[in-house]
1. Which of the residues belonging to the range B:11-37 are at pLDDT below 90 and touching a Phe, Trp or Tyr at 6+ places or on another chain (Cβ under 8 Å)?
2. What single numbered condition from (1) within 13 Å of chain B (Cβ to nearest Cβ); (2) under 30 Å from residue A:35 (Cα atoms); (3) surrounded by 24 or more Cβ atoms within 10 Å (Cβ to Cβ); (4) among the aliphatic types (A, V, I, L, M) fails to hold for residue A:173?
3. Considering the range B:1-54 alone, what residues qualify as being among the hydroxyl-bearing types (Ser, Thr, Tyr) and either surrounded by 18 or more Cβ atoms within 10 Å (Cβ to Cβ) or in a helix (DSSP H, G or I) (or both)?
4. If residue A:507 passes every condition in (1) open to solvent by 80 Å² or more (accessible area, probe 1.4 Å); (2) among the hydrophobic types (A, V, I, L, M, F, W, C); (3) modelled with pLDDT under 90; (4) in contact with a Ser or Thr (Cβ under 7 Å, 6 or more places away or on another chain) but one, which one does it miss?
5. For the range A:2-97, which fully contained helices (runs of 4 or more DSSP H) count at least 1 residues that are polar (S, T, N, Q)?
6. Identify all residues within the range A:352-369 that are touching an Asp or Glu at 6+ places or on another chain (Cβ under 8 Å) and either surrounded by fewer than 24 Cβ atoms within 10 Å (Cβ to Cβ) or not aliphatic (A, V, I, L, M) (or both); write none if there are none.
Amino acid sequence: MPTFDASALDYVIIAIYFVTVLGVGFLARSLIKTDLDFFLSGRSLPAWITGLAFIAANLGALEILGMAANGAQYGVATVHFYWLGAIPAMVFLGLVMMPFYYGSKIRSVPEYLRRRYGNEAHLFNALSFAVATVLIGGVNLFALGLVLSLMLGWSINAAILLSAAIVLTYIVLGGLTSAIYNEVIQFFVIVAALGALVTVALIDVGGFSGLADQVKQSPLKEAGLHAWEGMGIGGDNPIGADWVATVFGLGFVLSFGYWTTNFAEVQRALSAKDQNAAQRTPLIGAFPKLFIPLLVVIPGLVALVTVKGFGTGSADIQQYNNAIPALMAEYLPNGMLGLAVTALIASFMAGVAANVSAFNTVVTYDLYQDYIRGDAGDRHYIWFGRIMTVVGILISIGTAFIAKGYENIMNYVQLLFSYFNAPLFATFIIGLFWKRATRWGGVAGLVAGTLGAFLTHLLYSKGTISFGSDIAADFWGAIVAFGADAIVTVVVSLATQPRRIEDLQGLVWGMAEVDPDADLKRPWWQRPVVLAVIILALAVILNIIFI
Amino acid sequence: MISTLLDIRRIIAGLLGVYGVILLVAGIVGSSESKNKAAGVNINLWAGIVLLLMATFFLVWALTRPLMDELDEAEAEGERPETAPPEEPR
């Protein structure tokens, strides 16, 4: 990674950001009266705030650097991670699942499983989520330390400890509200910085047509400019995955698992002020998500065509993950450089904060309150949540170094998701649409799905089975996990006692707690169905343009 | 008072505004090397202008629809359905 000539001006810009996020934490502290205020912002936020936080929580630096790496390595096909791997799932969450999440007044995603299936599935999910969340937080933290040490010459330990201390402070003080507010702020800083970088990079390579001409001359060739070329069975495309693996593995299992059951995301929607705002949260987030590929794929491609030996050489600056830092060093003068570094730091911190704020909520509500101490007052749970914030950060710091052994950080994160999220979606979707699914079916399916993902990965890494690429292996691992979970859930459910129908009120399809007229009284831009149609139409049009 | 300070639109306006001014000044007084580094574009100047426009947008939004009004409206919205009061005869 290139080292920047950061000046005092750049450090002033970084320092202003740190002061701002800490200030938000201090202000948000005054709003906390009940445990719901601390863990879910008192369910009071307007849709535009939760919607931007929803997308910002996902716009961590791992995502930005990883997707720019994919842009350089796989070309335009990277858009599948957005238009196929995010948009449909976000629309599904808003339209179909949110009425059950928000309408049943659950406070976390595992809590849905407790109400729908019972304690066994709940405990399994709450524990595995807590573990996965701090691991991912740790990955973010490690990557942050690495980037700062390489870019600014800081000590890696100092960078990790400083950013961990800042996140710790503002979450302990202001809980979810300060996490969400800082995510919204981070969103605008990132868009401003990446927007400037992309504009300059495009001007330098001669605009879109200049970039396209040069990509054709690059190792990616013509295929690097198309999303769907070579996606036929047995076909050859840069990602190394055919359309079956891409559509079902990424577009269905991985993506729906991530967006609809990952509490670090869903928590933002649960903090919205009413059900309409909760439904609109992922839909409002989907609009920026449609256009984020512009901000990450283009830097990847520009790095590919302007940096000599990019992706093939062994120098730091030639590594795929360093596409964006390489362009920052190349193009940005002091001042703008400080803002871009701030954007990267901000997105790393937001990634850690999103995971830690989800972790403290699940540990407090789903483990401590449900199984250890259920009769304490608000102040006790707020206190416990603050302690768990500290614990979560400490574990994240401790586990940060697991990430060291992996070449492409994005693949590592996908791997974690295929263990924990992919099977989860099968359990949710079956529980939501099939009243017959039982208590034991739920937990057996979860265990089978997690084992399925784990075994697929084990066999692949030992070389027993092979797929087109690491990414294709993740896609197939997710498909196997989903299939194993679904089959075991159905078989075990049919062999065990169904739940009483009265217990499923508000939790299964056809029994949602909704006011069917509520949305019709609103203007069109506040109606989830209308927003969903616009988003899906835009996604289809974009896919056709880049076919 | 606290809730006015906590209006996220004001915080965004403040942060982007400060960044905008800093970059604008850097774009005006900077060395010719820094003005040309970005493929010949004075990116500090242009980014400063765009940031100031964004800050202005959030400030205007926050001032024209203060938080208290929004809260009142939200409450009114919640109460409106079903039983609208009968219109007063003139």
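1. The answer is B:37, and nothing else.
2. Among (1) within 13 Å of chain B (Cβ to nearest Cβ); (2) under 30 Å from residue A:35 (Cα atoms); (3) surrounded by 24 or more Cβ atoms within 10 Å (Cβ to Cβ); (4) among the aliphatic types (A, V, I, L, M), the lone unmet condition for residue A:173 is (3).
3. We begin by selecting, within the range B:1-54, every residue among the hydroxyl-bearing types (Ser, Thr, Tyr); these are B:3-4, B:19, B:31-32, B:34.
B:3, B:4, B:19, B:32, B:34 - these are the residues of the range B:1-54 that are among the hydroxyl-bearing types (Ser, Thr, Tyr) and either surrounded by 18 or more Cβ atoms within 10 Å (Cβ to Cβ) or in a helix (DSSP H, G or I) (or both).
4. (1)
5. Values: elements: A:8-29, A:35-40, A:47-58, A:61-74, A:87-92.
Counting at least 1 such residues, we get A:8-29, A:47-58, A:61-74.
6. Going through the range A:352-369, the residues touching an Asp or Glu at 6+ places or on another chain (Cβ under 8 Å) turn out to be A:353-354, A:364-366.
A:364, A:365, A:366 - these are the residues of the range A:352-369 that are touching an Asp or Glu at 6+ places or on another chain (Cβ under 8 Å) and either surrounded by fewer than 24 Cβ atoms within 10 Å (Cβ to Cβ) or not aliphatic (A, V, I, L, M) (or both).
Each row is one residue, and each column tells you yes or no for (1) closer than 20 Å to residue A:245 by Cβ; (2) among the acidic types (Asp, Glu).
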| residue | (1), (2) |
| --- | --- |
| A:441 | no, no |
| A:452 | yes, no |
| A:457 | yes, no |
| A:465 | yes, no |
| A:484 | yes, no |
| A:502 | no, yes |
| A:506 | no, no |
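Matching residues to (1) open to solvent by 20 Å² or more (accessible area, probe 1.4 Å); (2) not in a loop (DSSP other than H, G, I, E, B):
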{"site": "A:252", "(1), (2)": "yes, yes"}
{"site": "A:258", "(1), (2)": "yes, yes"}
{"site": "A:286", "(1), (2)": "no, yes"}
{"site": "A:301", "(1), (2)": "no, yes"}
{"site": "A:309", "(1), (2)": "yes, no"}
{"site": "A:313", "(1), (2)": "yes, no"}
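The values are calculated or read from the model by the stated rules, or taken from the named source; none is laboratory data. Keep in mind that what you see is a predicted model, and the values were worked out from it rather than measured. Don't worry about glycine lacking a Cβ; one is built from the backbone with ideal geometry, like all the others, and counts go over all protein chains shown. Only protein heavy atoms, including side chains, enter the accessible area calculation; ligands, DNA and RNA are left aside. Shrake-Rupley method; radii C 1.70, N 1.55, O 1.52, S 1.80 Å.
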